[in-house]
Amino acid sequence: MASIREQIISALFSVIETALPDVALMRSPVDPLSRNLPLAIVLDWVGEEFTPLTFGHHDVDLSVRISVFSRADGVEQSVDAHMVTVHSALMLDRSLGGLCSDIGITSSSKSRNDLDDHIVSVAHEYNVKYRIISNNITAH
């Protein structure tokens, strides 16, 4: 069985994929954005912080980054529109069907690479709160 973290990442992936089925969605920034691909979304987890509780449990704060990359015409508006769609989809069920207790945005950033076909990216970082059993990271 997968860890709760991996179950959450998979659920986030599914939410984004459902909201934007025609957009390339990747799990981590392994491959560069193809020149034939005007827009892509990358989902990556950044880190976790664990807070020990009594009775053998930990509260976990999972930080995930969702980035929208575009080199299309009207780049700024395109990236923003796609990020709004992603954010709205994530806020519909902030518990991901009971996998976590809350999802909230914590930061946003933008970058632009004019040397490579004017790629613009906007990234939102989200904090996902969940609980695990201390000796079993696959269970709540």
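The values are calculated or read from the model by the stated rules, or taken from the named source; none is laboratory data. Only a predicted model underlies this, so the values are computations on that prediction, with no experimental measurement involved. Every residue, glycine as well, gets a Cβ built from its backbone with ideal geometry; the counts of neighbours run over all protein chains shown.
What number goes with the only condition from (1) crowded, with 20+ Cβ neighbours inside 10 Å; (2) under 23 Å from S111 (Cα atoms) that D44 does not pass?
(1)
What residue, of R112, R71, R94, is of a type in the set (K, R) and closer than 21 Å to S14 by Cα?
R94
For S88, are the conditions met, namely being polar (S, T, N, Q) and surrounded by 14 or more Cβ atoms within 10 Å (Cβ to Cβ)?
Here the answer is no, as S88 does not meet what is asked.
In region 92-122, how many residues are aliphatic (A, V, I, L, M) and modelled with pLDDT of 95 or more?
Matching residues across region 92-122 total 5.
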